[in-house]
Amino acid sequence: MVLGMIAAWYDAQGPAVEVLQIGELPSPQPRPGEVRVRITLSGINPGDTKKRAGWRGSPMLYPRIVPHSDGVGVIDAVGDGVDATRVGQRVWVYGAQSYRQFGTAAELTCVPDTQAVALPESVGDELGACLGIPGITAHRAVFSDGPVGGQALLVQGVLGGVSSVAAKLAHWGGAVVIGTVTHADDLERVESEVVTHAVALDQADPASAIRGHAPGGVDRIVEVDLSSNADLDTEVVSNNGVIAAFASRSGRPELPFWPMLFANVTLRLLGSDDFTSEVKRKAAEDLTAAAAAGALSIPVARVYPLEQIAAAHDHVDNGPRTGRVLLSISE
């Protein structure tokens, strides 16, 4: 007999309060190469709520979806081909609902063995539940073109979820980090021990301010809004520099092509679900090491109980955006 578990799911896309359901589902069993994780905290990302809402007409890939890709918990079963000593290991999970039906908004979830990463005792559950999508995206944005030690790296929107992690990873990697904020009032919120220089975009000439800290231009740019910042990026990027963009306000951004061309700019676009397995594995390794070294922290705005998942989704969609939103699944 297959025992049941408590989970949240949706069978149709729409507003959180209308489509999210909570109840009992059959407990999943790990297939060959998989582990089963008893989830304690589930991390919610904007991508999770967009999938639920059908953002930009995105379809449901399965008739029923248990949402969320990130989480933390303890392995309680393994499939064929997986080392049985992993049972009882505390892990953080990524990609649980990336091209998969059942994510971490449940007491149990199954993922490929490599997507359950051993979590050092020094790293708390809340941080572990936050590492997945924002951490792997940030890692790729910073390190996609090699080490950053001694380089000048600009992080646009440095207070954001992915960007703030990127700044910490760049600092951990030995870069000089310059960060931007939207308004001068936000400057006091920037972590000065991580961001060597902070620049407000509402000042008269932010490009000159950035160039003042990197006269030869910045070697790499982590970009949260390519369509809004393309001109500024082009003004401050160095010859042979890299602009790594993971989001854009406009789906069809206009780019200053010729200035970018003459600067030999590499424009790298980052879709985290479709990074290669090796890229994700390396990111997971570095994220765990940085967290264990105390170089990585991620603020948590609120932890909701599973039965309040609709309110948690609305929090992610509507703010306040002062940190990650988590679901408490089980003790």
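Only a single item in (1) in a loop (DSSP other than H, G, I, E, B); (2) of a type in the set (Lys, Arg); (3) touching a Lys or Arg at 6+ places or on another chain (Cβ under 9 Å) is not met by Arg268, and it is number (1). Of the strands (runs of 3 or more DSSP E) contained entirely in region 1-111, those carrying at least 1 residues that are under 20 Å from Ala312 (Cα atoms) and under 23 Å from the mean Cα position of the chain (by Cα) fall at 4-9, 34-44, 70-78, 90-93. Screening the candidates Ser272, Ser228, Ser238 for the property of being within 30 Å of Gln97 (Cα to Cα) and either of a type in the set (S, T, N, Q) or at pLDDT 95 or above (or both) yields one hit, Ser272.
So how many residues does region 185-236 have that are in a helix (DSSP H, G or I) and among the hydrophobic types (A, V, I, L, M, F, W, C)? Give the steps one after another, and end with the answer.
Taking region 185-236 and keeping what is in a helix (DSSP H, G or I), we get 185-189, 206-213, 226-236.
From what is left, the residues that are among the hydrophobic types (A, V, I, L, M, F, W, C) are 187, 207, 209-210, 226, 230, 232, 236.
Qualifying residue count for the region: 8.
Residues checked against (1) out of contact with any strand residue (DSSP E or B) (no Cβ under 6 Å at 6 or more places or on another chain); (2) more than 27 Å from Asn45 (Cβ to Cβ); (3) exposed (fewer than 15 other Cβ atoms within 10 Å of the Cβ):
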position	(1), (2), (3)
Val224	yes, no, no
Asp231	yes, yes, yes
Arg249	yes, no, yes
Ala293	yes, no, yes
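Quickly run through region 237-254 and pick out the residues that are of a type outside the set (A, V, I, L, M) and either closer than 16 Å to Ala167 by Cα or part of a loop (DSSP other than H, G, I, E, B) (or both). Before you say what the answer is, go through the steps one by one.
If we filter region 237-254 for residues that are of a type outside the set (A, V, I, L, M), which is where we start, we get 238-241, 246, 248-254.
Answer for region 237-254, where residues must be of a type outside the set (A, V, I, L, M) and either closer than 16 Å to Ala167 by Cα or part of a loop (DSSP other than H, G, I, E, B) (or both): Phe246, Ser248, Arg249, Ser250, Gly251, Arg252, Pro253, Glu254.
When Val279, Val303 are checked against the criterion of being among the hydrophobic types (A, V, I, L, M, F, W, C), more than 19 Å from Ser164 (Cα to Cα) and in contact with an Asp or Glu (Cβ under 9 Å, 6 or more places away or on another chain), a single residue qualifies: Val303.
When the residues of region 289-329 are narrowed to those that are assigned to a strand (DSSP E or B) and free of Cβ contacts under 8 Å to residues at least 40 places away in the same chain, which ends up farthest from the chain's Cα centre (by Cα)? Step through it out loud before you land on a result.
The initial filter retains those residues of region 289-329 that are assigned to a strand (DSSP E or B), namely 300-305, 324-328.
After this cut, where a residue has to be free of Cβ contacts under 8 Å to residues at least 40 places away in the same chain as well, the list is 301-302, 304-305.
Numbers: Ala301: 15, Arg302: 17, Tyr304: 19, Pro305: 21 Å.
For region 289-329, the residue satisfying everything is Pro305.
Whenever a residue of region 95-122 is within 10 Å of Ser69 (Cβ to Cβ), its partners that are surrounded by fewer than 17 Cβ atoms within 10 Å (Cβ to Cβ), lying with C-beta atoms within less than 6 angstrom and at least six residues away or across chains, give the pairs Ser98/Asp273.
Please work out if Ile243 is β-branched (Val, Ile, Thr), touching a strand residue (DSSP E or B) at 6+ places or on another chain (Cβ under 6 Å) and not assigned by TED's automatic domain parsing to the domain that holds Gln97. Spell out how you get there, then give the answer.
Numbers: β-branched (Val, Ile, Thr): yes; touching a strand residue (DSSP E or B) at 6+ places or on another chain (Cβ under 6 Å): yes; not assigned by TED's automatic domain parsing to the domain that holds Gln97: yes.
So Ile243 passes the test.
Scanning region 1-56 for residues that are in contact with a strand residue (DSSP E or B) (Cβ under 7 Å, 6 or more places away or on another chain), without any contact (Cβ under 8 Å) to a residue 40 or more places away in the chain and within 22 Å of Gly79 (Cα to Cα) yields a count of 3. Kindly check whether there is at least one residue in region 160-175 that is at pLDDT 95 or above, of a type in the set (Lys, Arg) and not in a helix (DSSP H, G or I). Checked against the condition, which is being at pLDDT 95 or above, of a type in the set (Lys, Arg) and not in a helix (DSSP H, G or I), region 160-175 yields no hits at all.
Within region 134-176, the residues that satisfy the criterion of being in contact with a Pro (Cβ under 8 Å, 6 or more places away or on another chain) and without any contact (Cβ under 8 Å) to a residue 40 or more places away in the chain are Gly173, Gly174. Within region 269-288, if we keep just the residues that are surrounded by 14 or more Cβ atoms within 10 Å (Cβ to Cβ) and within 12 Å of Thr137 (Cβ to Cβ), the residue that is nearest to the chain's Cα centre (by Cα) turns out to be Ser272.
The values are calculated or read from the model by the stated rules, or taken from the named source; none is laboratory data. What you see is a predicted model, and the numbers here were worked out from it, not measured in a lab. Reconstructed Cβ throughout: ideal geometry from the backbone, glycine too, with neighbour counts over all protein chains shown.
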